[in-house]
Amino acid sequence: MGSPETNARKILEILEEGVADVYAFPELYLTGYGSDCSEMESETERCVGMVSDACRSVDSAVALGTPWFEDGVMYNSMAFLSPDGDVVYHKSHLARFGVYSEEGFGQGSEPVTGWFRGIGFGLCVCYDIFFPEILHGCSLNGASVNICCAASAMQSKPFLDTVLPARALENVSYMVYMNNTGRFGDLVMHGCSRCLDPFGRTMSDCGTGECIRTATIDTENLAESRSIRHHLDDFRTDVQWLGKRF
């Protein structure tokens with residue numbers, strides 16, 4: 001908790017093992033979820049730079065949760081660090097209930113897709129997963145894989161078990177969910193990080209503990225899945241979906 005340097009070096013150690021091409025880490029992983037990160041701008045920027053440089057060195061990509069500071073505003077963000085270019089997504093839907101209150105963070109306003117080796121990766125953070133427009137926007141913009149980093153407690157597990165297959169199937173895209181483990185105040189994070197295929201079937205699951213799991217993103221399987229389910233091709237772009245505001 002609270003040490004970007006320590007957590008960044010953990011990422012560097014994992015990168016050096018070379019077990020995957022793309023690595024994903026949970027919400028606010030760099031500082032530890034629940035830490036006061038309001039004074040960590042220079043430290044988080046330096047540590048994100050360390051990981052970004054390492055990605056270029058080993059030709060891999062990393063998606064990690066981190067606070068991000070921009071124009072005097074602190075965001076709860078996911079950085080996608082890639083030899084093909086770094087991008088940062090700012091959480092759009094901030095939790096405003098109980099211990100999850102995110103009053104100190106600014107609010108993002110657009111979907112973001114990162115790229116590595118020609119494959120697009122859509123990004124969202126925790127509560128965002130319950131608002132399908134974000135990852136749908138990423139998928140319409142070319143994402144083949146959608147990633148959600150989270151800090152979700154046991155009470156929310158049944159809802160994630162329901163919504164994650166839906167996010168995969170509605171976008172006919174691979175879905176990666178990376179959740180924190182351990183305690184946060186009186187809450188126990190449910191873990192259960194997983195990867196789902198484009199039809200919403202679980203391919204790899206960490207269970208409730210801390211672990212490293214791998215899954216293969218098969219572009220041929222993705223193309224075949226999208227030839228069966230045409231959800232993205234059939235989306236009506238001619239309709240103003242927001243409609244009238246009440």
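The values are calculated or read from the model by the stated rules, or taken from the named source; none is laboratory data. None of these values were measured; they are calculated from a predicted model. Backbone-built Cβ (ideal geometry, glycine too); neighbour counts: all protein chains shown.
Can you tell me which residues in region 5-46 are touching a strand residue (DSSP E or B) at 6+ places or on another chain (Cβ under 8 Å) and hydrophobic (A, V, I, L, M, F, W, C)?
So the first thing to find is which residues in region 5-46 are touching a strand residue (DSSP E or B) at 6+ places or on another chain (Cβ under 8 Å), and the list is 11, 14-15, 21-31, 33-34, 37-38, 40-41, 44-45.
Of everything in region 5-46, those that are touching a strand residue (DSSP E or B) at 6+ places or on another chain (Cβ under 8 Å) and hydrophobic (A, V, I, L, M, F, W, C) turn out to be Ile11, Ile14, Leu15, Val22, Ala24, Phe25, Leu28, Leu30, Cys37, Met40.
Is region 3-19 home to any residue that is β-branched (Val, Ile, Thr) and touching a Cys at 6+ places or on another chain (Cβ under 7 Å)?
We begin by selecting, within region 3-19, every residue β-branched (Val, Ile, Thr); these are 6, 11, 14, 19.
Filter again for touching a Cys at 6+ places or on another chain (Cβ under 7 Å), leaving none.
For region 3-19, residues β-branched (Val, Ile, Thr) and touching a Cys at 6+ places or on another chain (Cβ under 7 Å): absent.
This table checks each residue for (1) of a type in the set (Gly, Ala, Ser); (2) at pLDDT below 95; (3) farther than 21 Å from Arg226 by Cβ.
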position: Cys124; (1), (2), (3): no, no, no
position: Pro132; (1), (2), (3): no, no, no
position: Cys148; (1), (2), (3): no, no, no
position: Ala151; (1), (2), (3): yes, yes, yes
position: Ser156; (1), (2), (3): yes, yes, yes
position: Val172; (1), (2), (3): no, no, no
position: Thr181; (1), (2), (3): no, yes, yes
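Here Gln155 meets the list (1) surrounded by 15 or more Cβ atoms within 10 Å (Cβ to Cβ); (2) over 30 Å from Asp59 (Cα atoms) almost entirely, failing just condition (1).
Here's the yes/no breakdown for (1) out of contact with any strand residue (DSSP E or B) (no Cβ under 8 Å at 6 or more places or on another chain); (2) hydroxyl-bearing (Ser, Thr, Tyr); (3) surrounded by 13 or more Cβ atoms within 10 Å (Cβ to Cβ):
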site	(1), (2), (3)
Ser193	no, yes, yes
Ser204	no, yes, yes
Ile217	no, no, yes
Asn221	yes, no, yes
Glu224	yes, no, no
Val239	yes, no, no
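Residue-level check: of (1) of a type in the set (D, E, K, R); (2) under 22 Å from Phe159 (Cα atoms); (3) free of Cβ contacts under 8 Å to residues at least 24 places away in the same chain, Glu102 misses just (3). It is to be established whether one or more residues within region 142-155 are within 16 Å of the chain's Cα centre (by Cα), part of a helix (DSSP H, G or I), without any contact (Cβ under 8 Å) to a residue 40 or more places away in the chain and closer than 23 Å to Ser92 by Cβ. Taking every residue of region 142-155 in turn, none turns out to be within 16 Å of the chain's Cα centre (by Cα), part of a helix (DSSP H, G or I), without any contact (Cβ under 8 Å) to a residue 40 or more places away in the chain and closer than 23 Å to Ser92 by Cβ.
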